[in-house]
Every structure is written in structure tokens, then in C-alpha cells.
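Worksheet for the structure shown next.
The values are calculated or read from the model by the stated rules, or taken from the named source; none is laboratory data. Note that this is a predicted model, so its numbers are computed, not measured. A quick note on method: Cβ atoms are made from the backbone with ideal geometry, for glycine too, and the neighbour counts reach across all protein chains shown.
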Amino acid sequence: MLSRWLPILAVLWVCFVVSARADTITIVADPWCPYNCEPESDTPGFMVEIARRVFAEVGIEVRYETVPWVRALQATETGEYNGAIGASKVEAPGFVFPAIEQGRMRNGFWVARETGWHFQGIESLTDIFLASLAGYSYGPQVEEYLTDPANASRVTQLYGPTPLQNGLNMLQRGRIDALLEDEYVFRYEVKQRNEVDLFRLAGRVELDPQFSDVYIAFSPALASSERYARLLGEGMARLRANGELDEILAHYGVSDWRD
């Protein structure tokens, strides 16, 4: 008698497994705290917390992993992962984006406190050795400078799983004069390292929203991405309206960029 039920049970098991997989999405990025931090910590990053709160409302579990940024974009594009955390529309063309951004960058040039240099336009960059994080979007003028072969001897691109930490170490050792990084990210990192007094902001990069607004960008290779992007955009609007967004951001010392 049991043998009659085995095929049915097998089908039910397959349906259960498929359903379980459908209820889990995986989002990735390199550590970029406070946007996304340590996966297993109580403070995984405000963009991760936003995603988890929104998707939990519809029974979807969010798995968050850290991988190097260039790989995060490439593997999400092919569908290995569902989404890349902290992508702008310029650096992830063709991806599926929510209607509302989950963060906003404010890039700046950071130097050792005793350094006298100040950013005074692109021309002033020729006076220094500069480092930036590979694969990130900094706006057309800065990116043109970074990628110009004529500037190769003065520009260092930072790769790997911990590019910011590597850049800070280079800055402290005098191997570079300035590090180009988001203001929230830089301030958060040096606070964790108890090195706030060692550095200063030497100027900001003014960006158009297409460069500064950052999202959890979903894979163009997965049919489910349209639904996930819609759910996240609608959920983001709810969190902002009911005050939950402010509650999440407060954990990281960040205020709502739209206020």
C-alpha cells in the first residue's frame, strides 16, 4: 500500500523544496557599512534590514552574503544571485531596479588630517596619488580621470573583499594622498577603528541622482526580479510613511536622505 503513495509523496516533496527555494532570495555585495555590514551580526546594514523587513511581510526570507563588488555585479547579472546591494543605475545597466532607492551616496576625498590638499576640481587631482574602489560609480568627470591612461601612475584601484580597509591602511602609511569614498561609509569605518581624528574630508563630488541613488538591483536574468523590485519599492514607501525607515537608519547614525 505504501508503494502506491511513494510517487505522490515524491511529487509533494519536490513541490515543497521548490516552494522553499522560491521563498528565499540572496543579495550580495562587498562590505560597505553602514549600507551593508557583517552578514551574521545584529547590525547587517540598513539596506539589508530594509530588505528583510519588506520581504518578511510577504513571507520571503532574505539571505545576505559578502563577495567582492565586481563579482557581486557579474554574478547577479547572470542570475547566480538575486540582487546586488548598493548599485546605482549607471554601474548596473540592464538590472531591474525598485521604483524607490534604498540609499543615497555622498562621495568625498579623504586625507590624513595634517595634509594640506583640498579638492578644487578635477585639475587638482593631478597633484596627488589617489585611490578609489574598483567597480563603483563616482560620476562622469571623476571616472574619466580615473580611467584615463595618462593618470595611471597617480591612480590606484582597490579590489578584493575589503577594499576600504586596504585604502585606509595605504592612507595611514602614506602610500596614497587621498582616498575616494562615500561619506557615511568612511565615517562609520573610522569610528569602528577609533581613528576619527586621523582623517578629514577634503572635498565632495557632486553627483546627479542616477549616480548617487543606490538600490538593491535585481538580476536581469531572473523572471522573478520584476516582482521583487516591485515589492521592495512599495515596501520602501511604506517604511518611510510609517516611520520604520527612520527607526532602521537610526541604528547606523544615518538620517533619511530625502528629508
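Some points to look at:
- Tally of residues being assigned to a loop (DSSP other than H, G, I, E, B) and either on the phi < 0 side of the Ramachandran plot or not assigned by TED's automatic domain parsing to the domain that holds V155 (or both) across the stretch 189-215: 6
- Residue that is in the same structural domain as G139 (by TED's automatic domain parsing) and farther than 22 Å from P209 by Cα, where the choices are V54, V67, V111: V111
- Against the list (1) assigned to a helix (DSSP H, G or I); (2) surrounded by fewer than 16 Cβ atoms within 10 Å (Cβ to Cβ), the condition F186 fails is (2).
- Of the criteria (1) at pLDDT 95 or above; (2) under 23 Å from E38 (Cβ atoms); (3) acidic (D, E), which one D182 fails: (1)
- Positions within the stretch 47-67 being in contact (Cβ under 8 Å) with a residue 40 or more places away in the chain, under 20 Å from T162 (Cβ atoms) and assigned to a helix (DSSP H, G or I), in sequence order: M47
- Test result for G203, over 23 Å from I50 (Cβ atoms), exposed (fewer than 14 other Cβ atoms within 10 Å of the Cβ), among the small types (G, A, S) and in contact with a strand residue (DSSP E or B) (Cβ under 9 Å, 6 or more places away or on another chain): no
- Checked across the stretch 140-153, the condition of being on the phi < 0 side of the Ramachandran plot and under 17 Å from the mean Cα position of the chain (by Cα) holds for no residue.
- Matching residues, the stretch 160-173, being in a loop (DSSP other than H, G, I, E, B) and exposed (fewer than 13 other Cβ atoms within 10 Å of the Cβ): R173
- Only one of the numbered conditions (1) of a type in the set (D, E); (2) surrounded by fewer than 19 Cβ atoms within 10 Å (Cβ to Cβ); (3) touching a strand residue (DSSP E or B) at 6+ places or on another chain (Cβ under 7 Å) is not met by D148, and that is (3).
- Residues of the stretch 163-198 satisfying the condition of being in contact (Cβ under 8 Å) with a residue 60 or more places away in the chain and among the β-branched types (V, I, T): V185
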